[in-house]
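The structure under discussion appears below in the form of structure tokens.
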Amino acid sequence: MQIYLSRPDITEKEIEAVCAVLRSPNLSLGPKLKEFEDAFSEYIGTKRAVAVNSGTSGLFLCMEALGLGQGDEVITTPFTFISSATTIMMAGARPVFVDIEPESLNIDAAKIEPAITERTKAILPVEVFGNPAGMDKVCEIAEKHALVVIEDGCEALGSVLNGKKVGTFGKISTFAFYPNKQITTGEGGMILTDDDNLADMCVSLRNQGRGKGDGWLSHERLGYNFRLSDINCALGIVQLSRIEEIMAKRRQVANWYQEMLATDDRLIVPIETDGCDISWFVFVVRLAETFTQQERDRILEDMKDKEIQVSNYFPPVHLQPFISERFGYKKGDFPLTESVCERTIALPFYNNLTKDEVAIVCKTLKEVLDGV
Ligand SMILES: Cc1ncc(COP(=O)(O)O)c(C=O)c1O
């Protein structure tokens, strides 16, 4: 029996909502778009929400709306999904990496200041694996240096730090709805901001540069087709309405893993620190420092051989060949990130994973570790 890394959780309600759109004449730019955006901005607590067709397009439009480009630098973390860095590059700007803090695995706010130059325009922090730790400190540094915060909340829908929701730390922020995320629209993303000018610009940019009230064939600027269809929005509306239930299910799965793995001193198991309310995206354990990357890779293979899907979230972004070649980053530049990346194991994690399945995963992992 395969135990999957991730599975979506789609109920009859989602299926009915999608079918209702399919029976309507409004497959795109219809009423479900506004309904999804309104529900989302209300949930996060921002003035505006702009739906787009992926988290990547959302982050890229944040850069475009802010006018970032050639000659600008954006500080970010090398321990993230690739889009955090590639969207900076798509805009023509330079990603400047800063090493991570070893507990939360988020960008280390204490290391940001030395990386700031006269070309630095923005900081792009990521709540990695859903953990919001340290976002307040990043915002303090940004404010001190008059830098914009572009918050990549793609993995952290519903997370809260000291009473403040993820998505409200940045001047502009983005979420993503690929099927492994807390909520899914199949593919999709959402931009959040309190700034009407930025939101209006994103609305125009996602829709071929059309202006407010202009005709279908009038274009005010170079734009894109990053629209999210009403079919996707209908799915998103129902998923968002279930967010508390979804987060509770994921928290239960995380708690089972914590209970079953916490006492194994070969593993570092993720926990919530003071003030952090994690909306669990994935469950990533780390091997103790005594393990090598080769051993980790073998463990991943052994788990897969035993029909348990696992993954190596993430390899270091600065060492992806097209990034290291272009910007000159090399092994050793960010030792904490590199050390963490060598030892991560993402375990199967989704809403409807059962306690018995979690027990099988944990038992198998321990047996595989015994064999190393
Ligand atoms: C941190 C982070 N940023 C950006 C993205 C990009 O989202 P998408 O896959 O919807 O383009 C993801 C998606 O996995 C992510 O984890």
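The values are calculated or read from the model by the stated rules, or taken from the named source; none is laboratory data. Values in this document were obtained by computation on a predicted structure and should not be read as measured data. With ideal geometry, Cβ positions are generated from the backbone for all residues, glycine too; neighbour counts draw on all protein chains shown. Accessible surface is based on the protein model in full, side chains and every heavy atom, while ligands, DNA and RNA are left aside. Shrake-Rupley method; radii C 1.70, N 1.55, O 1.52, S 1.80 Å.
Got a number for residues in the stretch 321-363 being farther than 30 Å from Glu244 by Cα and of a type in the set (Gly, Ala, Ser)?
So the answer is 4.
Name the residue that is farthest from Asp108 (Cα to Cα), counting only residues in the stretch 61-88 that are within 15 Å of the ligand (Cβ to nearest atom) and open to solvent by 20 Å² or more (accessible area, probe 1.4 Å).
Our first condition is that a residue be within 15 Å of the ligand (Cβ to nearest atom); within the stretch 61-88, this holds for 61-63, 74, 76-88.
Of the ones still in play, those that are also open to solvent by 20 Å² or more (accessible area, probe 1.4 Å) are 81-82, 86.
On the way: Phe81: 17, Ile82: 18, Thr86: 20 Å.
Filtering first and then ranking leaves Thr86.
Which one of the conditions (1) open to solvent by 10 Å² or more (accessible area, probe 1.4 Å); (2) touching a residue at least 40 places away in the same chain (Cβ under 8 Å); (3) away from the ligand (no atom under 16 Å from the Cβ); (4) not basic (Lys, Arg) does Tyr224 fail to meet, given that it meets all the rest?
(3)
Can you find a residue in the stretch 335-343 that is among the small types (Gly, Ala, Ser) and surrounded by fewer than 20 Cβ atoms within 10 Å (Cβ to Cβ)?
Taking the stretch 335-343 and keeping what is among the small types (Gly, Ala, Ser), we get 339.
Adding the requirement that they be surrounded by fewer than 20 Cβ atoms within 10 Å (Cβ to Cβ) leaves 339.
Yes.
In the stretch 18-123, which strands (runs of 3 or more DSSP E) lie fully inside it and hold 1 or more residues that are small (Gly, Ala, Ser)?
Ranges flagged: 48-52.
Taking the stretch 318-358 only, how many residues are touching a residue at least 12 places away in the same chain (Cβ under 8 Å) and either touching a Pro at 6+ places or on another chain (Cβ under 7 Å) or within 22 Å of Asn180 (Cβ to Cβ) (or both)?
Number of matching residues: 22.
Restricting attention to the stretch 239-267, and to residues there that are assigned to a helix (DSSP H, G or I) and among the hydroxyl-bearing types (Ser, Thr, Tyr), which single residue is surrounded by the fewest Cβ atoms within 10 Å (Cβ to Cβ)?
Keep residues of the stretch 239-267 that are assigned to a helix (DSSP H, G or I), which gives 239-241, 243-261.
Narrowing further to those that are among the hydroxyl-bearing types (Ser, Thr, Tyr): 241, 257.
Numbers: Ser241: 16, Tyr257: 24.
That would be Ser241.
So if I check each of Lys331, Lys366, which one is open to solvent by 70 Å² or more (accessible area, probe 1.4 Å) and of a type in the set (Lys, Arg)? Walk me through how you get there before you give the answer.
On the way: Lys366 fails: open to solvent by 70 Å² or more (accessible area, probe 1.4 Å).
So the residue among Lys331, Lys366 that is open to solvent by 70 Å² or more (accessible area, probe 1.4 Å) and of a type in the set (Lys, Arg) is Lys331.
Restricting to the stretch 114-154, count the residues that are over 18 Å from Val166 (Cβ atoms), touching a Leu at 6+ places or on another chain (Cβ under 7 Å) and either at pLDDT below 95 or open to solvent by less than 50 Å² (accessible area, probe 1.4 Å) (or both).
Here the count works out to 1.
Name the residues in the stretch 95-110 that are under 16 Å from Asp274 (Cα atoms) and surrounded by fewer than 23 Cβ atoms within 10 Å (Cβ to Cβ), would you? Break it down into steps so the answer makes sense when it comes.
We begin by selecting, within the stretch 95-110, every residue under 16 Å from Asp274 (Cα atoms); these are 101-106.
Result: Glu101, Pro102, Glu103, Ser104.
Please enumerate the residues belonging to the stretch 1-17 that are surrounded by fewer than 17 Cβ atoms within 10 Å (Cβ to Cβ), in contact (Cβ under 8 Å) with a residue 60 or more places away in the chain and either assigned to a helix (DSSP H, G or I) or hydroxyl-bearing (Ser, Thr, Tyr) (or both).
Result: Tyr4, Thr11, Lys13.
Being open to solvent by less than 30 Å² (accessible area, probe 1.4 Å), in contact with a Gly (Cβ under 6 Å, 6 or more places away or on another chain) and among the small types (Gly, Ala, Ser): is that true of Gly167 here?
Working: open to solvent by less than 30 Å² (accessible area, probe 1.4 Å): yes; in contact with a Gly (Cβ under 6 Å, 6 or more places away or on another chain): yes; among the small types (Gly, Ala, Ser): yes.
Judged against the criteria, Gly167 is a match.
Which of the residues that make up the stretch 27-60 are over 22 Å from Ile243 (Cα atoms) and either more than 16 Å from the ligand (Cβ to nearest atom) or of a type in the set (Asp, Glu) (or both)?
Within the stretch 27-60, Leu27, Ser28, Leu29, Gly30 meet the criteria.
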